[in-house]
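A short worksheet on the structure shown next.
The values are calculated or read from the model by the stated rules, or taken from the named source; none is laboratory data. Because the structure is predicted, anything quoted here is derived from the model rather than measured. So basically every Cβ, Gly included, is an ideal-geometry build from the backbone, and we count neighbours across all protein chains shown. Note: accessible area is taken over every heavy atom of the protein model, side chains too, but ligands, DNA and RNA are not part of it. Shrake-Rupley method; radii C 1.70, N 1.55, O 1.52, S 1.80 Å.
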Amino acid sequence: MAAKIYGICWHGRGGQGAKTAATMVADVALTQGKYSQGFPEYGPERMGAPVRGYTRISDAPITIHSSLESCDAVVVFDDTLLDVVDVCDNLVEGGPVVVNTAKGLDEVKKSLKLKSGQKVFTVDANKIGLDEIGRPIPNVPMIGALMKVTDLLPTDSFAHDIEKKFGRKFGQKVVDGNNRALKRAYDEVKAG
């Protein structure tokens with residue numbers, strides 16, 4: 001019997017960090033002894049255009065090298081995408097949808113095309129990013145919310161990866177802010 005592959009679909013707009021989130025979760029899964037892939041799907045899009053990212057995690061080697069046909073979890077970086085993209089089109093029954101929004105859960109649910117058993121979670125990742133790093137970048141807060149919802153990987157395992165990915169480019173202030181944003185989103189995600 002083949003090992004289960006856990007798939008995550010990331011929906012965002014260019015510049016929001018969907019690619020970074022997809023690869024960061026894959027990198028952290030590797031440090032936890034898992035097999036993983038993290039990659040974007042986009043063409044010549046520009047800043048602000050819809051983009052997708054994918055992450056696969058498994059206990060066995062992954063031999064598939066294409067976009068995901070079905071996702072075990074969906075993460076939406078921008079609630080305006082809910083009116084443009086059917087983000088739940090390939091989400092498995094019972095899978096969680098985590099949406100970055102300041103809107104209430106009922107309003108978000110009305111915008112989604114939910115299937116049986118799919119659960120909606122919200123977090124205001126833009127506000128958290130603005131508060132903690134000074135910019136409304138939702139990628140790291142959305143990772144924190146996803147980890148709370150799925151319990152897929154321990155959140156404390158992301159500290160080293162945040163240091164590695166952001167430390168050389170942005171400095172310690174941004175590293176510390178992203179670590180706070182990760183923990184804060186983990187604590188503030190709301191279930192519906």
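Computed values, structure above
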item: Residue check, Lys113 of a type outside the set (A, V, I, L, M) and farther than 20 Å from Ile8 by Cβ; result: no
item: Residue count for the range 8-18, restricted to those that are assigned to a strand (DSSP E or B) and over 11 Å from the mean Cα position of the chain (by Cα); result: 1
item: Of residues in the range 56-79 being in contact (Cβ under 8 Å) with a residue 40 or more places away in the chain and polar (S, T, N, Q), the one surrounded by the fewest Cβ atoms within 10 Å (Cβ to Cβ); result: Ser70
item: Residue selected from the range 19-55 under the condition free of Cβ contacts under 8 Å to residues at least 60 places away in the same chain and assigned to a helix (DSSP H, G or I), by the criterion surrounded by the most Cβ atoms within 10 Å (Cβ to Cβ); result: Ala22
item: So Ile5, is it touching a residue at least 12 places away in the same chain (Cβ under 8 Å), open to solvent by 40 Å² or more (accessible area, probe 1.4 Å) and touching a Lys or Arg at 6+ places or on another chain (Cβ under 7 Å); result: yes
item: Qualifying residue in the range 92-110 (condition: in contact with a strand residue (DSSP E or B) (Cβ under 9 Å, 6 or more places away or on another chain) and farther than 22 Å from Gly144 by Cα); result: no
item: So Gly144, is it part of a loop (DSSP other than H, G, I, E, B), closer than 26 Å to Ser58 by Cβ, open to solvent by less than 70 Å² (accessible area, probe 1.4 Å) and in contact (Cβ under 8 Å) with a residue 12 or more places away in the chain; result: no
item: Listing of strands (runs of 3 or more DSSP E) fully contained in the range 72-137 that carry 3 or more residues being under 13 Å from the mean Cα position of the chain (by Cα) and among the aliphatic types (A, V, I, L, M); result: 73-76, 96-100
item: Checking Lys119 against (1) farther than 21 Å from Asp27 by Cα; (2) open to solvent by 30 Å² or more (accessible area, probe 1.4 Å); (3) touching a Gly at 6+ places or on another chain (Cβ under 6 Å), the condition it does not meet; result: (3)
item: Given (1) over 17 Å from Val25 (Cβ atoms); (2) in contact (Cβ under 8 Å) with a residue 24 or more places away in the chain; (3) crowded, with 16+ Cβ neighbours inside 10 Å, number of the condition Val175 does not satisfy; result: (2)
